[in-house]
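Chemist: What follows is a single structure, and I will ask about it in a moment.
The values are calculated or read from the model by the stated rules, or taken from the named source; none is laboratory data. Since this is a predicted model, take the numbers as computed values, not measurements. Neighbour counts are summed over all protein chains in view; Cβ atoms, including those assigned to glycine, are modelled from backbone coordinates with ideal geometry.
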Amino acid sequence: LSLLSELRYAVEHHELRLFLQPKIALDNGRVIAAEALVRWQHPVRGLVPPDAFIPFAEQTGFVRQLTLWMFDEAARQWAGLQQPGLPLRMSINLSTRDLLDLDFPARLDALLDKHQVAPEGFCLEITESAIMDDPLRAEGTLKRLSDRGFKLSIDDFGTGYSSLAYLKRLPVDELKIDKSFVMGMERDPDDAKIVRSTIDLAHNMGLSVVAEGVENAAVWNLLREQNCDEAQGYYMSRPLPVDGFKAWRQRWA
Ligand code: G
Ligand code: G
Ligand code: NA
Ligand code: MN
């Protein structure tokens, strides 16, 4: 069986799982968002991590179905994750393929409709490199998504080749500092400078900034001192199945 037919089978037979990892406000410790990350519960191979199939899904174009499955599942779970006075936004990862698909915004609309949820409840994460594959086309899709009310985030910021002049034109709300810089900031002065400058850059452009890859209290504290807005990482929680996430959140609160 080819990997592609196995993946098709996986979607049809409910083998994909949506895991969630919290994004936490550094000033008050509140859980304000959760990033949806896919896992594959394979009947024989066990829980398969996305690195084992996302690159393949991107090459073959299957990733478009995967993104829609993730969005459908996130929208289905959305209401069950809201608490009074504590709205929780869900972040979904997009790929280049989604940005090139002219029907993509309409497909998301249909899923919002199906689950009766609003676009403002979702953040769409896009890597710099996905945008730079076809910047004009990406810009068009991102504008349409932003006009609809979706929040947009630039993922793995600092690792791609986008120019700031170009990013300035995009209707983006958030920058996510790549985890390589965050994980290195305690021991590597260059990483520390990159993190600090990215926080300043984001704020000067009126954007919110998230540090991913926060693995210990020291990094959490450094980021807080530097007025970083949100943190995500193993120090607070690994990506968890939805039930596990809900239980973790009760303990965290
Ligand atoms: O969850 P984990 O850190 O193992 O993810 C590894 C890689 O797979 C990351 O680069 C992450 O962005 C990617 N990934 C995880 N879930 C999704 C998804 O639903 N869609 C896309 N396009 N990428 C994902
Ligand atoms: O590419 P993207 O930024 O979407 O990928 C997020 C990936 O980073 C997920 O696979 C998640 O498991 C991983 N991740 C999240 N927090 C940490 C962390 O603190 N340390 C490390 N090493 N990986 C992390
Ligand atoms: Na991401
Ligand atoms: Mn990232």
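Chemist: Filter segment 131-168 down to the residues that are touching a helix residue (DSSP H, G or I) at 6+ places or on another chain (Cβ under 9 Å), among the basic types (Lys, Arg) and either free of Cβ contacts under 8 Å to residues at least 60 places away in the same chain or on the phi > 0 side of the Ramachandran plot (or both) and list them by number.
Modeler: Of everything in segment 131-168, those that are touching a helix residue (DSSP H, G or I) at 6+ places or on another chain (Cβ under 9 Å), among the basic types (Lys, Arg) and either free of Cβ contacts under 8 Å to residues at least 60 places away in the same chain or on the phi > 0 side of the Ramachandran plot (or both) turn out to be ARG137, ARG144, ARG148.
Chemist: Looking only at segment 73-91, decide whether some residue is at positive phi, of a type outside the set (A, V, I, L, M) and away from ligand 1 (no atom under 14 Å from the Cβ). It would help to see each step written out before you state the result.
Modeler: To start, the set of residues in segment 73-91 that are at positive phi comprises 85.
Okay, now just the ones that are also of a type outside the set (A, V, I, L, M), so 85.
If we keep only those that are away from ligand 1 (no atom under 14 Å from the Cβ) too, we end up with 85.
Yes - at least one qualifying residue is present in segment 73-91.
Chemist: Kindly provide the set of residues from segment 167-178 that are buried (at least 18 other Cβ atoms within 10 Å of the Cβ) and either within 16 Å of ligand 1 (Cβ to nearest atom) or of a type in the set (D, E, K, R) (or both), ordered by number.
Modeler: Those that are buried (at least 18 other Cβ atoms within 10 Å of the Cβ) and either within 16 Å of ligand 1 (Cβ to nearest atom) or of a type in the set (D, E, K, R) (or both): GLU174, LEU175, LYS176, ILE177, ASP178.
Chemist: Could you identify the single residue in ALA25, ALA74, ALA33 that is within 16 Å of ligand 4 (Cβ to nearest atom), within 24 Å of ARG249 (Cα to Cα) and either in contact with a Leu (Cβ under 9 Å, 6 or more places away or on another chain) or in contact (Cβ under 8 Å) with a residue 40 or more places away in the chain (or both)? Break it down stepwise before answering.
Modeler: Working: ALA25 fails: within 16 Å of ligand 4 (Cβ to nearest atom); ALA74 fails: within 16 Å of ligand 4 (Cβ to nearest atom).
Result of the check over ALA25, ALA74, ALA33: ALA33.
Chemist: Within 14 Å of GLU35 (Cα to Cα), assigned to a helix (DSSP H, G or I) and aliphatic (A, V, I, L, M), is that true of MET90? Give the steps one after another, and end with the answer.
Modeler: Details: within 14 Å of GLU35 (Cα to Cα): yes; assigned to a helix (DSSP H, G or I): no; aliphatic (A, V, I, L, M): yes.
Spelling it out, it is not the case that MET90 is within 14 Å of GLU35 (Cα to Cα), assigned to a helix (DSSP H, G or I) and aliphatic (A, V, I, L, M).
Chemist: Which condition number does GLU35 fail, the rest of (1) in contact with a Ser or Thr (Cβ under 7 Å, 6 or more places away or on another chain); (2) more than 22 Å from SER237 (Cα to Cα) being met?
Modeler: Among (1) in contact with a Ser or Thr (Cβ under 7 Å, 6 or more places away or on another chain); (2) more than 22 Å from SER237 (Cα to Cα), GLU35 violates only (2).
Chemist: Sticking with this one: In this structure, does ALA218 turn out to be buried (at least 17 other Cβ atoms within 10 Å of the Cβ) and in contact (Cβ under 8 Å) with a residue 12 or more places away in the chain?
Modeler: Details: buried (at least 17 other Cβ atoms within 10 Å of the Cβ): no; in contact (Cβ under 8 Å) with a residue 12 or more places away in the chain: yes.
Against the criterion (buried (at least 17 other Cβ atoms within 10 Å of the Cβ) and in contact (Cβ under 8 Å) with a residue 12 or more places away in the chain), ALA218 does not qualify.
Chemist: Hey, another quick one. So, of the residues in segment 200-253 that are charged (D, E, K, R) and under 29 Å from ARG76 (Cβ atoms), which turns out to be nearest to ligand 4 (Cβ to nearest atom)?
Modeler: Residues of segment 200-253 that are charged (D, E, K, R), as a first pass: 200, 212, 215, 224-225, 229-230, 238, 243, 246, 249, 251.
Retained after the next criterion (residues that are under 29 Å from ARG76 (Cβ atoms)): 212, 229-230, 238, 243, 246, 249, 251.
Numbers: GLU212: 5, ASP229: 15, GLU230: 13, ARG238: 15, ASP243: 24, LYS246: 23, ARG249: 21, ARG251: 25 Å.
Per the stated criteria, the residue is GLU212.
Results for (1) crowded, with 18+ Cβ neighbours inside 10 Å; (2) within 18 Å of the chain's Cα centre (by Cα), shown as yes or no for each residue.
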{"site": "TRP69", "(1), (2)": "no, yes"}
{"site": "GLY80", "(1), (2)": "no, no"}
{"site": "SER91", "(1), (2)": "yes, yes"}
{"site": "THR96", "(1), (2)": "yes, yes"}
{"site": "GLU120", "(1), (2)": "no, yes"}
{"site": "ASP134", "(1), (2)": "no, no"}
{"site": "GLY158", "(1), (2)": "yes, yes"}
{"site": "ALA165", "(1), (2)": "no, no"}
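Chemist: Still on this structure, I have one more. Residue under question is ARG76, and the condition is that it be over 30 Å from ARG30 (Cβ atoms) and charged (D, E, K, R); does it hold? Spell out the reasoning first.
Modeler: Details: over 30 Å from ARG30 (Cβ atoms): no; charged (D, E, K, R): yes.
No; evaluated as a whole, the condition is false for this residue.
Chemist: Which residue out of MET183, MET205 is closer than 13 Å to LEU222 by Cα and either in contact (Cβ under 8 Å) with a residue 24 or more places away in the chain or in contact with a His (Cβ under 6 Å, 6 or more places away or on another chain) (or both)?
Modeler: On the way: MET205 fails: closer than 13 Å to LEU222 by Cα.
Matching residue, one of MET183, MET205: MET183.
Chemist: Another one. Inside segment 148-253, counting only strands (runs of 3 or more DSSP E) that do not spill past its ends, which hold 1 or more residues that are more than 20 Å from LEU86 (Cα to Cα), within 16 Å of ligand 2 (Cβ to nearest atom) and at pLDDT below 95? Even if it seems obvious, please write down each step before you answer.
Modeler: Values: elements: 151-157, 174-177, 208-212, 230-232.
It comes to 151-157.
Chemist: Consider only pairs whose beta carbons are under 9 Å apart and that are at least six residues apart or on different chains; among these, list those whose first residue lies in segment 81-109 and is polar (S, T, N, Q) and whose second residue is at pLDDT 95 or above and more than 16 Å from ligand 3 (Cβ to nearest atom).
Modeler: From segment 81-109, the pairs are GLN82/LEU88; GLN82/GLY121; GLN83/ARG249; SER95/ARG64.
Chemist: Just to be sure, is LEU4 at pLDDT 95 or above and not in a loop (DSSP other than H, G, I, E, B)?
Modeler: Details: at pLDDT 95 or above: no; not in a loop (DSSP other than H, G, I, E, B): yes.
It is false that LEU4 is at pLDDT 95 or above and not in a loop (DSSP other than H, G, I, E, B).
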